[in-house]
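These notes concern the structure reproduced below.
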Amino acid sequence: MDATDLGLLVLRLVVGLTFAAHGAQKAFGWFDGIGWAGWQGIMVRLGFRPTLLFAAVSMGAELVGGLSLAVGFLTPLAATILVGQLIVIIAKSHWANGFWNRANGFEFPLALLGGTIAIGLIGPGAVSVDALDGFALSETIRLGLFVVGVVGGLLTLAVPTLTRKPSDEADEATARS
């Protein structure tokens, strides 16, 4: 194992297990998390409909995608899903708070995004399930998957706006007054 493979292993473990822990907070309430019911409530507040679908997809992206990234299994696909998830996280939960994490800004999810993109573009390294089973994608395909992740995240942000019923807008206006 060379230094590059060791560096990729450390990066995958830190980023992947961080995601998996956040997914476990949402799914099971572990690590002082809000649990499944609490996560669905947040998805309602963020305006995602159908709530159950968006809650399940986002929780699964973090839990399953994070574990997959950590062990280096189908790494480019895991990175694609997590890039999309991070775009949504930054835009919906952190952007309005500015950069710094102390104010719940986007500093922390941006760091995860950088690590995820690096892993997705470089590959998982020699110490991974992908390396053991010979799974590898060309650089062109890895770049294409990065674009798919970005587009998927942006489309996810657009869906609540496109599917919002007029009664939702009236409810939100009432809630703001």
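The values are calculated or read from the model by the stated rules, or taken from the named source; none is laboratory data. Source: prediction; values computed, not measured. All Cβ positions, even for glycine, are placed from backbone atoms using ideal geometry, and neighbour counts span all protein chains on display.
Confirm whether GLY120 is crowded, with 16+ Cβ neighbours inside 10 Å and in a loop (DSSP other than H, G, I, E, B).
No; evaluated as a whole, the condition is false for this residue.
Would it be correct to say that LEU74 is among the hydrophobic types (A, V, I, L, M, F, W, C), in contact with a helix residue (DSSP H, G or I) (Cβ under 9 Å, 6 or more places away or on another chain), under 30 Å from GLY123 (Cα atoms) and free of Cβ contacts under 8 Å to residues at least 60 places away in the same chain?
Answer is no for this residue.
Could you say whether any residue in region 94-101 is of a type in the set (Gly, Ala, Ser), surrounded by fewer than 18 Cβ atoms within 10 Å (Cβ to Cβ) and in contact with an Asp or Glu (Cβ under 6 Å, 6 or more places away or on another chain)?
No, region 94-101 has no match at all.
Condition check ((1) among the hydroxyl-bearing types (Ser, Thr, Tyr); (2) over 24 Å from ASP133 (Cα atoms); (3) modelled with pLDDT of 95 or more; (4) touching a His at 6+ places or on another chain (Cβ under 8 Å)) across all residues:
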position	(1), (2), (3), (4)
ALA24	no, yes, yes, no
GLY29	no, yes, no, no
TRP36	no, yes, yes, no
MET43	no, yes, no, no
LEU46	no, yes, no, no
THR51	yes, yes, no, no
GLU62	no, no, yes, yes
LEU67	no, no, yes, no
ALA70	no, no, yes, no
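Yes/no matrix, rows are residues, columns are (1) surrounded by 19 or more Cβ atoms within 10 Å (Cβ to Cβ); (2) of a type in the set (S, T, N, Q); (3) under 17 Å from the mean Cα position of the chain (by Cα); (4) not in a helix (DSSP H, G or I):
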{"residue": "GLY23", "(1), (2), (3), (4)": "yes, no, yes, no"}
{"residue": "LYS26", "(1), (2), (3), (4)": "yes, no, yes, no"}
{"residue": "TRP30", "(1), (2), (3), (4)": "no, no, no, yes"}
{"residue": "ARG45", "(1), (2), (3), (4)": "no, no, no, no"}
{"residue": "ARG49", "(1), (2), (3), (4)": "no, no, no, yes"}
{"residue": "LEU53", "(1), (2), (3), (4)": "no, no, yes, no"}
{"residue": "LEU69", "(1), (2), (3), (4)": "yes, no, yes, no"}
{"residue": "PRO76", "(1), (2), (3), (4)": "yes, no, yes, no"}
{"residue": "LEU82", "(1), (2), (3), (4)": "yes, no, yes, no"}
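Contact list please: Cβ distance under 6 Å, first residue in region 138-153 and assigned to a helix (DSSP H, G or I), second residue at pLDDT 95 or above and among the basic types (Lys, Arg), pairs at least six apart or on different chains.
Between residues of region 138-153 that are assigned to a helix (DSSP H, G or I) and residues that are at pLDDT 95 or above and among the basic types (Lys, Arg), there is no close pair.
Go through (1) surrounded by 19 or more Cβ atoms within 10 Å (Cβ to Cβ); (2) more than 17 Å from GLY23 (Cα to Cα); (3) free of Cβ contacts under 8 Å to residues at least 40 places away in the same chain; (4) not charged (D, E, K, R) one by one and return the number of the condition GLY125 breaks.
All conditions are met except number (3).
Among the residues of region 124-157, which ones are of a type in the set (Phe, Trp, Tyr) and either more than 21 Å from the chain's Cα centre (by Cα) or at pLDDT 95 or above (or both)?
Hit for region 124-157 is PHE135, nothing else.
Condition test on LEU110, is it at pLDDT below 95, of a type in the set (A, V, I, L, M) and either farther than 16 Å from PHE48 by Cα or surrounded by fewer than 20 Cβ atoms within 10 Å (Cβ to Cβ) (or both)?
So LEU110 does not fit the description; no.
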